[in-house]
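The values are calculated or read from the model by the stated rules, or taken from the named source; none is laboratory data. In this text the structure is predicted, and so the values were computed from the model without any measurement. Positions of Cβ are generated from backbone atoms using ideal geometry, with glycine treated the same way; all protein chains shown enter the neighbour counts. The area values use the complete protein model at the heavy-atom level, side chains included, leaving out ligands, DNA and RNA. Shrake-Rupley method; radii C 1.70, N 1.55, O 1.52, S 1.80 Å.
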Amino acid sequence: MFELGKTEDGITFYKLEHAFELDKLKIGEFSYFRKYLGMSDYLANFRSWLKRPTVALVLAMSGNTVVGWSMNEKWSSPSKDGRPVYVLRGIEVSPQLARKGMGKCMFFLISKVLIGHIITKPVNSTAKLFFESMNFEEPAYSSPVHLTDHPGYLILEEGNKGSVFCDNVSLFNENIMACRQKMFPKEMCVEAAKNDLDPVASTAKCDLVDNPGDSAGEVTEEVGEILPETPEVEPAPEDPEEEFIFDGKFIGEQKMMSPCKCGHAVVNKYQVTGKRSGTAFICTECHVERYFLPLKQKKK
């Protein structure tokens, strides 16, 4: 677990690494994902996501209570310029902290941790205004990420992250640098080689200088209103929402008799409830659903 920063009123932000780090945490009050997406057990979902190496989960904490979270996942295709691409798949703030800039602070820290471009798809005009205040833009023809087949997506390019700023949070720069070094060792070395610098020093010089400019405008609605969808490179399940398992409980690993298209045969098994109930078999490497075993209905 990396402690990334802290607000003046005592909210601390962490980037989690392991599921066991959730054991002593409590979930605060959340409404949007619980009400509209049936996300009844937040900790179970956090644990499930942390088993996927492509996921970056950032939590906002008040003491040991989770009051905000954001789930970001690495897209399997790199950008045209070779930089990583992350999809912001979900962000939510406790209603008690809504309209106080908490969502902005959380994304500010996310932009400091993740190397490369970030994309997302707002579901309404309020969400779009929030992301535009964070310097997301509609992709141009020359965009480094090919989004022609994914209408409605916005992009924050790596070169525009410097103007993302929140003046209510103090950065723990050494922890952020250590987090980036662990997540992106190759990218850090490439950047250091370009500048003839040590990888950690390069990050400190280029990416972690506080922006003295004015902060973006406040969001007037709950950040929980934002629900991005994810572009798929591999063939998606029949219902694309099923790939993002909200109620999936991890129940173990299994080696399939035949390999996935990516060449790996090991899958994670999740017990799923909702529109369809049963067991989902998800490739541990590319995270594509290999197979779904429906739950047998009991005869009356």
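Distance between the C-alpha centers of the stretch 40-92 and the stretch 128-164? Whole Å please. Taking the Cα centre of each part, the stretch 40-92 and the stretch 128-164 sit 19 Å apart. A simple spin-label model places the labels of Glu174 and Lys35 4.4 nm from each other, with each point 7 Å out along Cα-to-Cβ. Take the Cβ atoms of Lys24 and Asp167, set R0 to 22 Å, and the FRET efficiency comes out at 0.10.
Compared with the alpha-carbon gap, the fully stretched path from Leu295 to Arg276 is longer by 6.0 nm at 0.36 nm per residue. Scoring 90-99, 72-81, 32-41 by mean Cβ neighbours within 10 Å over their residues and listing the highest first yields 90-99, 72-81, 32-41. When the listed pairs Lys74/Lys182; Lys15/Lys112; Lys249/Lys269; Lys51/Lys104; Lys6/Lys112; Lys112/Lys161 are checked against a 18 Å cut-off, the alpha-carbon distance exceeds it for Lys51/Lys104. Put a dot 7 Å past the Cα of Met257, heading toward its Cβ, do the same for Thr65, and the two dots end up 5.2 nm apart. Of Lys6, Lys100, the residue with the largest accessible area leads and the full order is Lys100, Lys6 (1.4 Å probe). The dipole here belongs to the stretch 14-116: it is taken about the Cα centre, uses +1 on the Cβ of Lys and Arg and -1 on the Cβ of Asp and Glu, and is about 220 debye. Karplus-based coupling profile of the stretch 136-149, in residue order and whole Hz: 5, 9, 5, x, 7, 4, 8, 4, x, 10, 6, 10, 4, 8, with θ = phi - 60° in 6.51 cos²θ - 1.76 cosθ + 1.60 and x standing for Gly or Pro.
Quick one: pull the percentage of alpha-carbon pairs in the stretch 87-137 with a separation above 14 Å.
55
Along the Cα-to-C-beta direction of Gln96, a point sits 7 Å from the Cα; which residues of the stretch 49-70 have their amide N less than 14 Å from that point? Taking a point 7 Å out along Cα→Cβ of Gln96, the residues of the stretch 49-70 whose backbone N falls under 14 Å are 61-68. Here's how it looks for Arg290: its modeled amide H is under 5 Å from those of Phe281, Ile282, Cys283, which are all 5 or more places away or on a different chain.
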